[in-house]
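Working notes, structure below.
The values are calculated or read from the model by the stated rules, or taken from the named source; none is laboratory data. Given the structure is predicted, the values throughout are model-derived calculations rather than measurements. In this analysis, Cβ positions are derived from the backbone assuming ideal geometry, glycine residues included, and neighbour counts consider all displayed protein chains.
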Amino acid sequence: MAITERTRLMLLTCPNCETVFRVDRDSIGDTGKSVRCSVCAHIWKAFPPMLAPEETRGEVQAALRTILLPLLVLIMLVGIGAGSVMQRSTVTAYLPALLPVYEKLGLPVMPRIDQLEIVDLTAEYAGDTLRLRGRLFNRAAFFAHAPMLEVTVSSETGDALLRQVIGPDGTVIRPASTVPFFVQLVIDDVPEPTVTVIMLDDLAQR
């Protein structure tokens with residue numbers, strides 16, 4: 001038996017009288033069919049011919065494309081989704097409008113304080129007033145959220161005299177850039193007070 005690619009007709013040979021017939025391949029089906037010779041009336045079961053290697057390869061490639069393309073898209077979507085969760089601090093630094101979305105999903109966004117540094121910290125005293133200023137420096141190569149800062153004034157014995165949480169002048173810090181912060185505090189006349197500033201795991205308030 002043979003099959004022509006253009007017409008999809010197959011050549012069917014009677015095993016009894018060897019008469020050759022041309023029949024539609026679809027009429028035989030994939031599992032075969034009982035047929036009768038119109039010349040000698042012999043009945044036998046005919047089967048469709050094997051697909052040519054090129055046709056088989058083409059069908060396999062088409063099937064692979066049908067399966068692999070959606071799978072590849074799914075893998076990409078999963079990767080993007082996982083990345084947007086794991087890197088949500090960076091994502092929301094570029095797109096602050098997404099902050100409420102993460103909050104509704106129960107995914108808190110915290111600043112990457114490991115990528116930030118407090119620089120140019122100075123304290124000036126004038127009577128009972130302390131003026132503290134400095135800058136937050138972003139060492140990373142991407143945008144970062146500015147955190148809230150906790151300022152503590154301690155005595156020379158280490159006792160905390162005053163503690164206050166402040167916010168910097170900006171909420172987002174560009175790569176290799178800084179945002180300033182400033183606070184003015186009123187404290188008792190304490191000899192040689194110590195001032196410390198630490199970054200908190202809270203986003204700077206707008």
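Would you call residue 162 part of a strand (DSSP E or B) and surrounded by 16 or more Cβ atoms within 10 Å (Cβ to Cβ)? Write out each step before concluding.
Numbers: part of a strand (DSSP E or B): yes; surrounded by 16 or more Cβ atoms within 10 Å (Cβ to Cβ): yes.
Here the answer is yes, as residue 162 does meet what is asked.
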Quiz item: Within the set of pairs 6 or more residues apart or between chains, which connect a residue that is crowded, with 16+ Cβ neighbours inside 10 Å inside the range 128-143 to a residue that is among the acidic types (Asp, Glu) with Cβ atoms less than 7 Å apart?
Solution: 134/120; 135/120; 137/117
Quiz prompt | The one condition in (1) within 30 Å of residue 94 (Cβ to Cβ); (2) modelled with pLDDT of 90 or more; (3) surrounded by 18 or more Cβ atoms within 10 Å (Cβ to Cβ) that residue 203 fails to fulfil | solution = (2)
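Go through the range 170-195 and give me each residue that's of a type outside the set (A, V, I, L, M) and within 27 Å of residue 90 (Cα to Cα). Please lay out each step first, then the result.
So the first thing to find is which residues in the range 170-195 are of a type outside the set (A, V, I, L, M), and the list is 170-171, 174-175, 177-178, 180-182, 184, 188-189, 191-194.
Matches in the range 170-195: 170, 171, 174, 175, 177, 178, 180, 181, 182.
Starting from residues that are β-branched (Val, Ile, Thr) and out of contact with any Pro (no Cβ under 6 Å at 6 or more places or on another chain), keep the ones in the range 80-114 and report whichever is nearest to residue 137 (Cα to Cα). Before the answer, list the steps.
Restricting attention to the range 80-114, the residues satisfying the condition of being β-branched (Val, Ile, Thr) are 80, 85, 90-92, 101, 109, 113.
Those still in the list that are out of contact with any Pro (no Cβ under 6 Å at 6 or more places or on another chain) too: 80, 85, 90-92, 101, 109.
Numbers: 80: 29, 85: 25, 90: 16, 91: 19, 92: 18, 101: 28, 109: 19 Å.
Top of the filtered list is 90.
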Self-check item: Residues being of a type outside the set (S, T, N, Q) and exposed (fewer than 10 other Cβ atoms within 10 Å of the Cβ) - total across the range 16-42
Solution: 1
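Would you call residue 34 among the small types (Gly, Ala, Ser), modelled with pLDDT of 85 or more, farther than 30 Å from residue 144 by Cα and not in a loop (DSSP other than H, G, I, E, B)? Reasoning before the result, please.
Details: among the small types (Gly, Ala, Ser): yes; modelled with pLDDT of 85 or more: yes; farther than 30 Å from residue 144 by Cα: yes; not in a loop (DSSP other than H, G, I, E, B): yes.
When the stated conditions are applied, residue 34 passes them.
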Quiz prompt | Subset of the range 86-115 that is of a type in the set (Lys, Arg) and either in a helix (DSSP H, G or I) or over 14 Å from residue 146 (Cβ atoms) (or both) - its residue that is modelled with the highest pLDDT | solution = 104
Exercise. Could you please let me know if residue 150 is more than 29 Å from the chain's Cα centre (by Cα) and either closer than 21 Å to residue 84 by Cβ or acidic (Asp, Glu) (or both)?
Key: yes
